[in-house]
Amino acid sequence: LAGMFTRRWHGALPVAATMVACSLMFFLLSNGAVWAFSGMYPLTLQGLTQCYVAALPFLDKTVLGDLFWTAVLFGGAWLVQHRPSLSQRVL
């Protein structure tokens with residue numbers, strides 16, 4: 001969905017910005033769901049804060065992993081489109 005909204009902008013920067021925004025949205029939504037439905041944290045503002053603080057050590061790895069795979073997938077697609085020898089079948 002985010003890709004459809006940012007499709008009109010071209011280049012690596014909009015792709016990376018969209019990916020980081022989606023990673024942060026995943027962090028907020030998934031940890032909010034853990035707080036709301038797991039029973040591990042009290043359903044208070046303090047419990048929500050504890051949940052997000054406990055998840056912070058994983059945020060950088062999530063963003064770095066998403067950046068890596070975005071570069072691999074989009075970079076690979078770009079290479080295939082812009083390098084004729086990669087898009088032609090070798091006999």
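The values are calculated or read from the model by the stated rules, or taken from the named source; none is laboratory data. Everything quoted here is computed from the prediction, not taken from an experiment. Neighbour counts run over all protein chains shown; Cβ positions are idealised from the backbone, glycine included. Note: accessible area is taken over every heavy atom of the protein model, side chains too, but ligands, DNA and RNA are not part of it. Shrake-Rupley method; radii C 1.70, N 1.55, O 1.52, S 1.80 Å.
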Kindly write out, for the stretch 51-65 in residue order, the coupling ³J(HN,Hα) from the Karplus curve 6.51 cos²θ - 1.76 cosθ + 1.60 (θ = phi - 60°), rounded to whole Hz, with x marking Gly and Pro. 4, 5, 5, 5, 8, 4, x, 8, 5, 5, 5, 5, 5, 5, x
Helix 12-37 sits off the longest principal axis of the Cα atoms of the chain, rounded to the nearest 10 on a 0 to 90 degree scale, by 30
Given labels modelled 7 Å from the Cα in the Cβ direction, how far is it in nm from residue 7 to residue 37? 3.0
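If you average the sequence gap of Cα pairs under 8 Å that are 6 or more apart and divide by the length of the chain, what percent do you get for the contact order?
Working: 44 pairs, mean separation 21.8, N = 91.
Contact order relative to length: 24 percent.
Could you tell me what percent of the accessible area of the chain is made up of carbon and sulfur, with a 1.4 Å probe and every protein chain present?
Roughly 73 percent, rounded to a whole number.
Could you calculate, for the chain, the ratio of the Cα radius of gyration to the Kirkwood radius, expressed as Rg to Rh?
On the way: Rg = 18.6 Å, Rh = 15.7 Å.
Here the Rg-to-Rh quotient is 1.18.
Which of the peptides 70-76, 2-8 is most tightly packed, and how do the rest follow, going by the mean number of other Cβ atoms within 10 Å of each residue?
Values: 70-76: 13.0, 2-8: 10.0.
Averaged packing, sorted descending, gives the order 70-76, 2-8.
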